[in-house]
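Take a look at the structure below.
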2 protein chains.
Amino acid sequence: MRDARCRVVVEHVDPEIDAGRFPIKRTAGERVVVEADVFAEGHDELACVLLHRPAGQAKWREAPMRPLVNDRWRGEFVVGAPGHHVYTVEGWVDHFHTWVRDLVRRLEAGQDVTIDLRIGAELVSAAAGRARGADAARLRDHARALTGAAGEQRALSVELADLMARHPDRCDATRYERELEVLVDRERARFGAWYELFPRSASPVAGRHGTFRDVEARLPYVAGMGFDVLYLPPIHPIGRTFRKGRNNAVQCDPTDPGSPWAIGGPEGGHKAVNPELGTLEDFRRLVRAAEKHGLEVAMDIAFQASPDHPYVQEHPEWFRHRPDGAIQYAENPPKKYQDIYPFDFECEDWRALWQELHSVFEFWIEQGVRIFRVDNPHTKPFAFWEWVIREVRDRHPDVILLSEAFTRPRVMQRLAKLGFDQSYTYFAWRNEAWELREYLTELTRTQVREYMRPSLWTNTQDILTETLQTGGRAASALRFVLAATLGASYGIFGPSFELVEVTPLTPGREEYLNSEKYQVRHWDLDRPGSLRPLITKVNRLRREHRALQQDRTLRFLKTDNERLLAYAKSDENGGRAILVVVNLDPRWKQSGWVEVPVRARAGHPPYRVDDVLNDRGFTWRTDSWNYVELDPADTPAHIVQLPRPLVPEGSIGR
Amino acid sequence: MRDARCRVVVEHVDPEIDAGRFPIKRTAGERVVVEADVFAEGHDELACVLLHRPAGQAKWREAPMRPLVNDRWRGEFVVGAPGHHVYTVEGWVDHFHTWVRDLVRRLEAGQDVTIDLRIGAELVSAAAGRARGADAARLRDHARALTGAAGEQRALSVELADLMARHPDRCDATRYERELEVLVDRERARFGAWYELFPRSASPVAGRHGTFRDVEARLPYVAGMGFDVLYLPPIHPIGRTFRKGRNNAVQCDPTDPGSPWAIGGPEGGHKAVNPELGTLEDFRRLVRAAEKHGLEVAMDIAFQASPDHPYVQEHPEWFRHRPDGAIQYAENPPKKYQDIYPFDFECEDWRALWQELHSVFEFWIEQGVRIFRVDNPHTKPFAFWEWVIREVRDRHPDVILLSEAFTRPRVMQRLAKLGFDQSYTYFAWRNEAWELREYLTELTRTQVREYMRPSLWTNTQDILTETLQTGGRAASALRFVLAATLGASYGIFGPSFELVEVTPLTPGREEYLNSEKYQVRHWDLDRPGSLRPLITKVNRLRREHRALQQDRTLRFLKTDNERLLAYAKSDENGGRAILVVVNLDPRWKQSGWVEVPVRARAGHPPYRVDDVLNDRGFTWRTDSWNYVELDPADTPAHIVQLPRPLVPEGSIGR
């Protein structure tokens, strides 16, 4: 038998991921809006609060919850500093509220309420017993007065209602059966523009291997475009055995630098720096210099080894061995990657291996790194990531981890649930309006948004999409605007991207010709046609407009031309919105009508809007449909600041 | 650190109610189709089984699960006898399957596989170690052969694949973290036609109080119409204090019999029989006689007391007391129900009260009753119902409980989750086509169907809807067809219903004039216009067609006239469907086109269908839209047996 006295049910708390198995995610200062079904048998009035606290603290804070419809209640709180936060819901029968409600009905029916006032006085006396000081005295006074001459008036006193709300009888309250967790990140986990470059291609002198010092010299260029994060591929010594040549050739020239993801050589492994790039001190200096430019350096974490990695000699037990005694190289049959040995995360000595890999994070955190882009996490066990991310974050709540998993949806989602703060997405391959609407809606409007923060990349060293290959400069421009305005977090791989370097290794494949992955490149950053001005402008708009700094308010608008994609973002307080219309056709001018449902009375006069991307103005009509025309030769998009809030979704016809 | 070896994730198992807090429901012999997301990191092949067993047994049975798309797997099992059944899901990495897959790729690429065959031989040897007898010997033979001359052929041997599937390595398998429960009922919980009557109105002699013997004489009439369950309002002694008069009058005549829900008098309480109806032995005789007619007697359980109930004297502590010492009567302010005392389920002595109420069920089960219609369960604590239903069902798995809760959706759903086998619904108030589509879709196609079995009532002693009051005989006829074909379980309150007795107490209220709740009525069952022939015919069709015996396959079809509601049910094996078209307009003939998406090639010749309700035939066209015309003066509906299965939903445009 359950105790008869706990009558209230609290269920279907939202957000809640997989019955509380995983935390939701927020950044410091963000709201958490919580809903729950709270009800009891019968017709008594209930009261309900949202309980929340930082994970370390014992004492709950309380936020009120208000009834919506259909026994659904809602409350909210704001999370503080990075770390973990917990929340849950508590509800109880509000006997006093029920009593007042019924008393009013009785009075309206002209019934005698003498007995009822005595019942009320008992409720108030009991509350006096729970209260202290002045409140207790006032409650005692009210209890006396209820059975007196003016009892009926006293029953409806606002002061009494407030006092009773302050001292509720919660001994029979029902607490939701689970405490739910919020993983709180710093703001950069939600909002940031990433720029990836290969340090070895940063030399101003053609043919010379670039260094950390060269990257330092490149900082004004990157920061000048308005980026927030500078992501470097692995900076460690590169293996020699089976080193890949230019354009991924199986044989390499002695001068070929190899793929930086073949980590480890005689000079060291995951905690060492490739001497051709400089010293560890040079790297620390770069991190500090970047900071002065408002840039954070993000490192690559690729947990695999070249055959020349010190681990191979020191810990052969951390690798899988074939029946002939050789260490098993990476493969995706029939493809072989003999320059790479995967770790055997399930080996007998897995605990020591996991500890060592954890120490890699700690080592670079000591050098000042706080952002890591994790290579192929979907080929390492989920249990490892859950463990290592907890270990890292418990010590360093400001660390941000980006999951580079391009794989099946459930696996990508699982990695996000396990603690990765950001996730690469399929964005690069979503080109049509319906694809973008469907995919971004899934990411920003379904439960996925509670645990997975999308990072939208136009390209990477491994991804040169067909759209970019074939669409010319206009395609790169429109894909850039999409990434930077659909996604609060986005990235480009430069300088290839801004210089519109789009020649593939072979047509139909997504790889770059003469990829920096396998060779040193030299770039003329001033070459004509660079997207640098567009990028600079859009990144400035991102910093100016809070609406563009989050994804939760993303909302697609109707157009009558499927080549025009229209969407809006408001800031979380529902204030002024930014509207973006992108011409998805890189070749031809497209025109059509876009629904812009601003709040205005019918018959309101036309209003002026500013296209803050192109520094132009338009006069729009308040009856919501407006004409748009975009020529890719001129501009990929309008980015319009709306002078009024949008009409809430669902309140206009579809 | 979690063990590195459990790499597989099993999540999002469906069906699962509230993280496994509540069971799903099935009847004996029904299928349970289970799906789950099952995946691991990387690209290994997985294997997956559905585990299930009756709750009492230790040993799991296994059913295979097959991959669908997107890491989703599906399997199914059939539940046996009434009681509780449990199920869960287990998945593991199938190293042998992975190995064969990769071997084929290597062979197709012309690679040397000597080492790979040795790896395979190790896998097969390990399986031999897990096997016994002949299997072990064969596996050892295969292991040897794999490294021999014909190893490549042997690797792809079907016998080897079967042997390896029989002896998988499951030591690192992941079992889903919860065991989920199925509450298995007997068939009547899913499928049955209920007939409610007041025994006191069953006398063949006008003015005489009816008895159980009179009900016995009425059995051929009820059974002849094809009903399965005969539901009787409370049969206990009725209180005298504050007894209600005819038409719910506050004052009663000395001859008024009172409401049977005012339970308890000097003759006894919930375990006694109203002497005016007969003796306990008469009641037992009725139960047995009903059985001979294929009818089960359902009793009313109303946990409340009249002021004259023996409990009031013997256990005043089970009731709430007012400050003046009086026992608190039932009320819904400002309405007072002074003839009824609710129990105080939260009283100090609640354990004894709950035990006593449990004993009421046991008492009537001993008299042969197995079906209970529970009055107003939503005014008693959820914890009580969860406890008492478990107690009853653990001893008597064949008991069926119908929840009479007309209240907010969450409360009704909670009662169903707690164990009520059937639930009254809002059906009586859903009249328009869109309302019926929306509501029945919620009940039969969403998760609600896993735990809540709807019981559709045309009317009850308390519900005479405006539609019935104003629509004449045709309205009653069409509402009957809706109830009996939309719902595998449905009920009518007779003889008012079949005799089209539709005069309200006052217009605009849903109460019957001269309600049997407060007086003895006498009925001329042969009066003209009775719906008896229609009822008899439809109940026969219900017994003949398995499609009408369940709700899970209900599917609405498109019409071009909103007064025509069209729907189909197939049997669960997807066989021949029953199609129903109802004219929702009781006044006017309605005609229109109905989409009937049968499986047929384009250009198939027209086909013949039988309207089994009206014994007519039609020739329909295979291009799916067919003309229908229904005149309420003639028939409320077509009930058509389709000669071909329907095209699966979703495969035709909406």
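The residues listed here are B:193, B:165; of these, the one that is under 30 Å from residue B:9 (Cα atoms) and either touching a residue at least 60 places away in the same chain (Cβ under 8 Å) or under 40 Å from the mean Cα position of the chain (by Cα) (or both) is B:165.
When residues of the stretch A:196-246 are filtered for being within 17 Å of residue A:521 (Cβ to Cβ), open to solvent by 10 Å² or more (accessible area, probe 1.4 Å) and within 23 Å of the chain's Cα centre (by Cα), how many remain? Count: 0. The helices (runs of 4 or more DSSP H) found entirely in the stretch A:355-456 that carry 2 or more residues being open to solvent by 10 Å² or more (accessible area, probe 1.4 Å) and under 29 Å from residue A:288 (Cβ atoms) are A:382-395.
Does residue A:603 satisfy being at pLDDT below 95 and either surrounded by fewer than 18 Cβ atoms within 10 Å (Cβ to Cβ) or of a type in the set (Ser, Thr, Tyr) (or both)? Yes, satisfied. Of all residues in the stretch A:1-41, those being without any contact (Cβ under 8 Å) to a residue 12 or more places away in the chain and open to solvent by less than 40 Å² (accessible area, probe 1.4 Å) number 1. Count of the stretch A:64-119 residues, restricted to those that are closer than 23 Å to residue B:409 by Cβ and either within 14 Å of chain B (Cβ to nearest Cβ) or of a type outside the set (Asp, Glu) (or both), is 18.
When A:510, A:516 are checked against the criterion of being charged (D, E, K, R), in contact with a Phe, Trp or Tyr (Cβ under 6 Å, 6 or more places away or on another chain), in a loop (DSSP other than H, G, I, E, B) and closer than 29 Å to residue A:495 by Cβ, A:516 stands alone in meeting it.
In the set (1) crowded, with 20+ Cβ neighbours inside 10 Å; (2) under 32 Å from the mean Cα position of the chain (by Cα); (3) assigned to a loop (DSSP other than H, G, I, E, B), the condition left unmet by residue A:523 is number (2).
Just one of the listed residues (B:335, B:380) is within 29 Å of the chain's Cα centre (by Cα), of a type outside the set (A, V, I, L, M, F, W, C) and at the interface with another protein chain (Cβ under 10 Å from one of its Cβ atoms), namely B:380. Among the residues making up the stretch B:176-190, those that are within 20 Å of the chain's Cα centre (by Cα) and of a type in the set (D, E, K, R) are B:181, B:185, B:186, B:187, B:188, B:190. For the stretch A:70-116, filtered to residues that are open to solvent by 50 Å² or more (accessible area, probe 1.4 Å) and touching a Gly at 6+ places or on another chain (Cβ under 9 Å), the residue that is farthest from residue A:127 (Cα to Cα) is A:78. Scanning the stretch B:311-323 for residues that are within 13 Å of another protein chain (Cβ to nearest Cβ) and either closer than 20 Å to residue B:375 by Cβ or part of a loop (DSSP other than H, G, I, E, B) (or both) gives B:318, B:320, B:322, B:323. Please enumerate the residues belonging to the stretch B:478-504 that are part of a loop (DSSP other than H, G, I, E, B), in contact with a helix residue (DSSP H, G or I) (Cβ under 7 Å, 6 or more places away or on another chain) and open to solvent by 10 Å² or more (accessible area, probe 1.4 Å). Hits for the stretch B:478-504 are B:500, B:502. Taking the criterion of being open to solvent by less than 30 Å² (accessible area, probe 1.4 Å) and of a type in the set (S, T, N, Q), the residues of the stretch B:298-323 that qualify are B:304, B:306. Note on the stretch A:255-310: residues that are among the charged types (D, E, K, R) and in a strand (DSSP E or B) total 2. Within the stretch B:58-67, restricting attention to residues that are over 13 Å from residue B:46 (Cα atoms) and not basic (Lys, Arg), the residue that is least open to solvent (accessible area, probe 1.4 Å) is B:63. Scanning the stretch B:74-114 for residues that are in contact with a helix residue (DSSP H, G or I) (Cβ under 7 Å, 6 or more places away or on another chain) and in contact (Cβ under 8 Å) with a residue 12 or more places away in the chain turns up B:95, B:96, B:99, B:100, B:103, B:107, B:113. Checked against the criterion of being of a type in the set (Lys, Arg), farther than 27 Å from residue B:38 by Cα, modelled with pLDDT of 95 or more and surrounded by 15 or more Cβ atoms within 10 Å (Cβ to Cβ), the stretch B:48-56 has no qualifying residue.
Taken across the stretch A:565-582, residues that are among the hydrophobic types (A, V, I, L, M, F, W, C), assigned to a loop (DSSP other than H, G, I, E, B) and either open to solvent by less than 40 Å² (accessible area, probe 1.4 Å) or touching a residue at least 60 places away in the same chain (Cβ under 8 Å) (or both) do not occur at all. Exactly one residue out of B:340, B:400, B:389, B:371 is away from chain A (no Cβ under 11 Å) and more than 17 Å from the chain's Cα centre (by Cα), and it is B:340.
Checked against the criteria, residue B:326 counts as surrounded by fewer than 18 Cβ atoms within 10 Å (Cβ to Cβ), facing chain A (nearest Cβ under 9 Å) and of a type in the set (A, V, I, L, M). For the stretch A:339-351, filtering for residues that are open to solvent by less than 60 Å² (accessible area, probe 1.4 Å) and either farther than 15 Å from residue A:378 by Cα or of a type outside the set (A, V, I, L, M, F, W, C) (or both) leaves 9. Can you name every residue in the stretch A:413-427 that is under 14 Å from the mean Cα position of the chain (by Cα) and within 11 Å of chain B (Cβ to nearest Cβ)? A:413, A:415, A:417, A:418, listed by residue number. Here is the figure for the stretch B:373-387: residues that are aromatic (Phe, Trp, Tyr) and in contact with a Lys or Arg (Cβ under 7 Å, 6 or more places away or on another chain) total 2. Of all the residues in the stretch A:616-632, those that are open to solvent by 20 Å² or more (accessible area, probe 1.4 Å) and either modelled with pLDDT of 95 or more or not in a loop (DSSP other than H, G, I, E, B) (or both) number 9. Across the stretch B:458-473, the qualifying residues are those that are closer than 16 Å to residue B:195 by Cα and free of Cβ contacts under 8 Å to residues at least 40 places away in the same chain, and the one among them that is surrounded by the most Cβ atoms within 10 Å (Cβ to Cβ) is B:458.
In this structure, does residue B:583 turn out to be in contact with a strand residue (DSSP E or B) (Cβ under 7 Å, 6 or more places away or on another chain) and either modelled with pLDDT of 95 or more or polar (S, T, N, Q) (or both)? Taking the combined requirement at face value, the residue satisfies it.
The values are calculated or read from the model by the stated rules, or taken from the named source; none is laboratory data. This one's a predicted model, so the numbers in the text were calculated from it and none came from an experiment. Every residue, glycine as well, gets a Cβ built from its backbone with ideal geometry; the counts of neighbours run over all protein chains shown. Protein only, heavy atoms only, side chains kept; ligands, DNA and RNA dropped before computing areas. Shrake-Rupley method; radii C 1.70, N 1.55, O 1.52, S 1.80 Å.
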